[in-house]
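Report on the following structure.
Rule-based calculations on the coordinates, nothing more; no lab input. On a predicted model such as this, the values are computed, not experimentally measured, just so you know. Note that each Cβ is placed from the backbone with ideal geometry, even for glycine, and that neighbours are counted across all protein chains shown.
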Amino acid sequence: MLNKIEEHWEEKVKEQHIQNQNNIIKGLKIEFGELNFQTKLNNFIELQQKPFSISAFHNKFLLQIRTAYIMGSYYPALISSCSLGERILNHLILLLRDYYKETKEYKKVFRKSSFDNWKLAIDTLESWNILLPQAVQKFRELHEKRNFAIHFNPETDHNDKEMALDTIHLIQDIISIQFSAFGSEKPWILFIPGEVYIKKEWEKNPFVKNIFLPNSLLVGPSHKIEKLVPKIVVNDNFKYEEKSVTDEEFSKLRQNNK
């Protein structure tokens, strides 16, 4: 909404766009203050879209990181982005390791209560097929950024803004790839036009079972979403046959009942 207005747009579209921009800017001024606002606005735009994680603490900490960057606190945003990456790795290993007791990797991680060895954590989660390939690559890039930022390098005195933006984009990509409810790269997601579901074959997968299912609703193909805000209200008081259906059958039934 904050992109530049294109000359070829119709006048009504331009007017609506300007009004939307003004409303957004007004809200940002209230949230972040008018002092040095143009810099804050530029920083806000540079951050790009905020991904939405179904795991609540990611959203909480990412919002704090983004706020630090917008306010010009680039070094705190840089270090916090790296810390959140490490926190996610720890969270996944501690939550899921007991499902992999028969693997050789388990012997390296079962005794510890926290992990600061990123290579061990990333390699372990990759071996267990918990992290998607794109997330693995992003974590390795973030690890390199983290090492450069944490250990003394004179360049950081001058490149803190650029480095912070790079690490924020990386942690946002990781959250979007691994923890959002959207994205074609997620093999456990069943897409029905306008809606997403968990594929039946993935319900017992340790990652999906512990991260996605607790944040999902069990519904039949006739359900109606009656309200979205301030919280989702779903009506599923419909009679269903007592039988199991495949994902493909569910998809057809759902599209016929929408």
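Distant-in-sequence amide contacts of Ile198, defined by a placed amide H-H separation under 5 Å and a gap of 5 or more residues or a different chain, comprise Leu190. For the stretch 173-258, the Cα gyration tensor yields ellipsoid semi-axes of 22, 17, 13 Å (square root of five times each eigenvalue, largest first, whole Å). FRET efficiency for the Val234 to His8 pair, using the beta carbon distance and R₀ = 30 Å, is estimated at 0.10.
In plain terms, the chain from Tyr75 to Asn147 could stretch by 24.5 nm, reckoned as 0.36 nm per residue minus the Cα-Cα distance.
For the stretch 102-228, the dipole from Cβ point charges (+1 on Lys and Arg, -1 on Asp and Glu) about the Cα centre works out to 680 debye, to the nearest 20. Which residues among the stretch 98-127 fall inside the zone where the amide N is under 18 Å from a point 7 Å beyond the Cα of Arg140, along Cα→Cβ? Answer for the stretch 98-127: 117-127. Using the alpha carbons alone, the radius of gyration of the chain stands to its Kirkwood radius in an Rg to Rh ratio of 1.03. Which FRET efficiency value, to the nearest 0.05, do you get for Asp157 and Asn36 by plugging their Cβ-Cβ distance into 1/(1 + (r/R0)^6) with R0 = 22 Å? Taking R0 as 22 Å, the efficiency between Asp157 and Asn36 is 0.60. If the chain linking Ser114 and Asn23 were pulled fully straight, counting 0.36 nm for each residue of separation and taking away their Cα-Cα distance, it would gain 28.3 nm. Just to be sure I understand the model, the point goes 7 Å from the Cα along the line to the Cβ. What's the resulting Lys60 to Glu185 distance in nm? Between Lys60 and Glu185, the simple spin-label model gives 2.6 nm. Where only DSSP H runs of four or more residues are counted, the chain gives -17500 deg cm²/dmol as its mean residue ellipticity at 222 nm, each run worth -39500 (n - 2.57). Computed 3J(HN,Hα) for the stretch 157-165, one whole-Hz value per residue from the Karplus formula 6.51 cos²θ - 1.76 cosθ + 1.60 where θ = phi - 60°, is 4, 10, 10, 4, 5, 4, 5, 4, 5, glycine and proline marked x.
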